[in-house]
1. Hey, can you grab everything whose amide H is under 5 Å from the amide H of G98? Only 5+ residues off in sequence or another chain; H modelled, so Pro and N-termini drop out.
2. Under 5 Å between amide H atoms, partner at least 5 residues away or on a different chain: which partners does V22 have, H built in plane at 1.01 Å?
3. List the residues, sorted by chain then number, that are 5 or more residues from L115 or on another chain and whose placed amide H is less than 5 Å from its amide H.
4. HN-Hα J couplings of region 58-64 from phi, Karplus 6.51/-1.76/1.60, θ = phi - 60°, integer Hz, Gly and Pro as x?
5. May I ask which residue of L15, S85, G135 lies farthest towards the positive end of the charge dipole of the chain, with charges of +1 (Lys, Arg) and -1 (Asp, Glu) on Cβ and the Cα centre as origin?
6. Relative to the Cα centre, what is the charge dipole magnitude of region 9-66, using +1 at the beta carbon of each Lys and Arg, -1 at the beta carbon of each Asp and Glu, and rounding to the nearest 20 debye?
7. Give the accessible surface of the chain per residue, rounded to a whole number of Å², with probe radius 1.4 Å and ligands, DNA and RNA excluded.
8. Quick one: Karplus J couplings for region 7-19, per residue in order, coefficients 6.51, -1.76, 1.60, θ = phi - 60°, nearest Hz, x for Gly and Pro?
Amino acid sequence: MSDTVRRTTKFLSGLSRCQHAVHYKYVLESFKEKKWLDEDDYMIMDAEKEKKFGFSLPESLGRVRSGAKILEGKRVFQTTSVKPSYEDMKSIVECAGGEMLPRRPAPKSFDEDTLIVSCPEDLKKPQVKKLQKEGYAIHSN
């Protein structure tokens, strides 16, 4: 429940588990009517943020409804300067069915199911360059 799409730990964790992303007015209106209203009438609509963040909220919710976990079978490593914190990212990744790695993958152990999340500040660091040489795709915002 929100008024817009957000990139907070709670929103992203919830997005990988919930079947509806409703505007907070849904609760207020349901309370007034003394019954739960149709969630589809209160879906969050935020085309601008969806474009900015490169995703489709209805498509993401559709995956959840089909039982898919977005990161199932994936392992995620984040470089040192990535925000949110390791603990927050771990929460997001685990809610989506993935495993958060506490340290960088071992050299020469390339695994296509391991995702590397970085940020502009870390892209030129030796650690990230080594990961790229080992074949990992680096995902950055």
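1. Excluding prolines and chain starts, which carry no amide H, the hits are L71.
2. Those lying under 5 Å, H to H, from V22 are S2, I44.
3. R75, V76, F77
4. Here the 3J(HN,Hα) series is x, 5, 4, 5, x, 5, 4 Hz.
5. G135
6. Around 280 debye, computed over region 9-66.
7. Working: 9300 Å² over 141 residues.
Ligands and nucleic acids excluded, the figure is 66 Å² per residue.
8. 10, 9, 4, 5, 5, 5, 5, x, 4, 7, 10, 8, 9
The values are calculated or read from the model by the stated rules, or taken from the named source; none is laboratory data. Everything numeric here is computed off the predicted structure, so don't read it as measured data. Methodologically, a virtual Cβ is constructed for each residue, glycine included, from the backbone with ideal geometry; neighbour enumeration extends over all protein chains shown. These accessible areas exclude ligands, DNA and RNA; they are computed on the full protein's heavy atoms, side chains included. Shrake-Rupley method; radii C 1.70, N 1.55, O 1.52, S 1.80 Å.
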